[in-house]
Amino acid sequence: MAKKKRLRLIAEMARKIRAYRELKSRPRESQKYALDHETMRRPLTGKMLPVLAWQDVRRESRLFSLLAGMRLFGVGRMFTRKSWLEDHNEPSFWQITKVKVDYTAENMDHGKAWGVLTYKGKKESEMKEVDKVMYHDWRLIPKHMEQQFKDFEPLPEPPVRHVPYPPLLRAMMLAHRKTGGSTVLDEPALPLQRDVVLNKDYFRRQEKERRSKEGTAV
């Protein structure tokens, strides 16, 4: 008969206390993402921001920097990002539905936010947490432009005309290109529809083949 394992209450309690202390000593987001604007370094880690981000840090705002100065912390309003406006022709934005503010942070400009994402004109059905709230390129969409963002109708996606080859066949084709000295860099793709040019000669050959099989009528 197997011996029953004895529960060590003191050891279990000590483990829970250590886990609780680690959780309490974990730096808050206001400490984790604090930034020295003179040196462009984060005091907690000492890491410097990428040089390409310096311009946005000086001119743009984080999401919670905008939410902190708004009524109801911006619930119901729409926010977009500078990178989305520059990279996509289709509207991309978040509509905020829930905000959890870190009241211990200075100016209450840190926390978590949830909303419904519309990316490249396609609206998602479920609410989820807003990511990259600490980035410095968030912008508030004015109320007189909200309907313009919502009324956008995405173009239908074009039908799929090519699919990738199976892995083994793809590897064989790429190896054949290398041995043949080909410099083509295009990814091999298998067409789903074959374009056949039908002319008069094609129909004549079809008719001759049919007659040869059926024979001459007596």
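The values are calculated or read from the model by the stated rules, or taken from the named source; none is laboratory data. Please read these numbers as outputs of a predicted model, since none were measured by experiment. Cβ placement follows ideal geometry from the backbone for every residue including glycine, while neighbour counts extend to all protein chains displayed. Quick note on the areas: whole protein, heavy atoms, side chains included, nothing else; ligands and nucleic acids left out. Shrake-Rupley method; radii C 1.70, N 1.55, O 1.52, S 1.80 Å.
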Residue that is farthest from Phe149 (Cα to Cα) [pool: residues in region 74-90 that are open to solvent by 40 Å² or more (accessible area, probe 1.4 Å) and aliphatic (A, V, I, L, M)]: Val75
Candidates Asp186, Asp137, Asp131 - the one that is modelled with pLDDT of 80 or more, among the acidic types (Asp, Glu), open to solvent by 80 Å² or more (accessible area, probe 1.4 Å) and out of contact with any Cys (no Cβ under 7 Å at 6 or more places or on another chain): Asp131
Region 91-111 - residue that is among the β-branched types (Val, Ile, Thr) and outside any loop (DSSP other than H, G, I, E, B) and, of those, surrounded by the fewest Cβ atoms within 10 Å (Cβ to Cβ): Thr97
Test result for His144, assigned to a helix (DSSP H, G or I) and surrounded by 10 or more Cβ atoms within 10 Å (Cβ to Cβ): no
Hits in region 64-82 (condition: aromatic (Phe, Trp, Tyr) and not in a strand (DSSP E or B)): Phe64, Phe73
One residue from Leu23, Leu49, Leu117, Leu66 being open to solvent by less than 100 Å² (accessible area, probe 1.4 Å), over 30 Å from Glu153 (Cα atoms) and at pLDDT 85 or above: Leu49
Within region 27-63, tally of residues that are assigned to a helix (DSSP H, G or I) and under 24 Å from Ala113 (Cβ atoms): 10
